[in-house]
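Quick notes on the structure that follows.
The values are calculated or read from the model by the stated rules, or taken from the named source; none is laboratory data. Since this is a predicted model, take the numbers as computed values, not measurements. Quick reminder, even Gly has a Cβ in these numbers, built from the backbone with ideal geometry, and neighbours come from all protein chains shown. Ligands, DNA and RNA are excluded from the accessible area calculation, which covers all protein heavy atoms including side chains. Shrake-Rupley method; radii C 1.70, N 1.55, O 1.52, S 1.80 Å.
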Amino acid sequence: MTTEREVVRRPPGRGAQILAVASGQFHRRGYHQISMAEVAAEVGITAPALYRHYRSKPELLLRAVESDLSALRAAVRADHRDLGGLCAALAAVAVQHRALGTLWQRDARLLPAAQRAELWGRLREDVGTMAGVVSAARPELPPQDAEFLCWSMLSAYGSLSYHTFAPPPRRFERLLREIGGAVLAVTPDGRPDGRPARPVDAPARSARTESRREELLTAAVRLFHERGFDNVSTDQLGAAVGISGPSVYKHFDTKADLLAATLVRSRERLWHEVEGAIAAGGAPGEALAAGLRAYVDFALRHRHYLGVMLSETERLNEPDRRAAVDFRRNFLRTWVGLLRQVRPGFANAEARIRVHAMFALVNDGVRNRAGCTRPDLAGFLVESGRAVLGLAESRP
């Protein structure tokens, strides 16, 4: 029996479908580039229908991040009898939720501070649970080392977000299990390595010797990294260097031009330091080792630059965005080619995955609040990078 006004039922799982679509779109193009109408169109519903599930785009972002973190939590809290089981469970999540890395590193920063703090708290709890599994398997490790190894493994797994290709899932998971196991097998030696206790982005300069343009570049890269490009106003940029907001336009036509200039500066420094070390390294093994040490050293001194390169490229104007993407591809190609010379048994796809994972591990390691004050951080990151690259048993 039906009434004159039939009840319209929502398809089962529609909310989850919306989250999956939104997560994928935010991941591919960035939060600010996506409208609710575009999400609705891919789902196959109207925008008003989408708003019946999620009241706003910020809420949709929050729920998308929460959904992926819930999958991570379920994997972490399963009954793991050994490190292999933990690595396998997390590898499956990394493959099935590839957007989590970019959502967490880039878009979650746009959430209100209270929501970010709650999400961080949940993730820290999960890392603590992981560290308990590691400590049980490796009781010789201090708790802080076990925890930092877990953060490092999550960083390596999160690097899948930055891949544009997808090997068969089983092969993907198998390689990730191997990479995760290699990271969790690293033993930090605890010896100070001579680097600063906390990473810095540049040596302190006197205001008398630094031009206003240089001051703006330095301030902008820090603010863009910490708050996100869209959350930084010209007034905040000006205040950081002691000028008014409108005065910023005396040095840069637009805020996007200022962002582009900071990224050009970072690319020039990165290329000069790391490529120079590789070129002077000699044979492939020595060159790869020299490049890894140089990359870690660069990251320790310029973590803000690396953060902005990873998270704000989508906010550039198209010509500048293409230049940034082309640089990253060429930089990656250099490392992949070098790794395959040292490890000729690695297929191109495996070498790419390993190099991406190494970059992510180092980039996150210098910005990880739980470990960036370690006196042995540089040495630890080099050893972990070697493990991810599959070089743990090969020293030049």
**Study point:** Counted residues, the range 53-77 - those being open to solvent by 50 Å² or more (accessible area, probe 1.4 Å) and either free of Cβ contacts under 8 Å to residues at least 24 places away in the same chain or in a loop (DSSP other than H, G, I, E, B) (or both)
**Key:** 4
Review point. In the range 25-37, which residues are in a helix (DSSP H, G or I) and touching a helix residue (DSSP H, G or I) at 6+ places or on another chain (Cβ under 8 Å)?
Key: GLN25, PHE26, HIS27, ARG29, TYR31, HIS32, GLN33, MET36, ALA37
Study note, to complete from the structure: Per the filter on the range 108-159, residues of a type in the set (D, E, K, R) and open to solvent by 20 Å² or more (accessible area, probe 1.4 Å) are ARG109, ARG116, GLU118, ARG122, ARG124, GLU125, ARG138, GLU140, GLU147
Check your understanding: Got a sec? Which of ALA49, ALA89, ALA40, ALA94 is touching a Gly at 6+ places or on another chain (Cβ under 8 Å), open to solvent by less than 40 Å² (accessible area, probe 1.4 Å), in a helix (DSSP H, G or I) and farther than 23 Å from ASN231 by Cα?
Key -> ALA94
Check your understanding: Got a sec? Which of ARG386, ARG340 is open to solvent by 50 Å² or more (accessible area, probe 1.4 Å), in a helix (DSSP H, G or I) and within 18 Å of GLY285 (Cα to Cα)?
Key -> ARG340
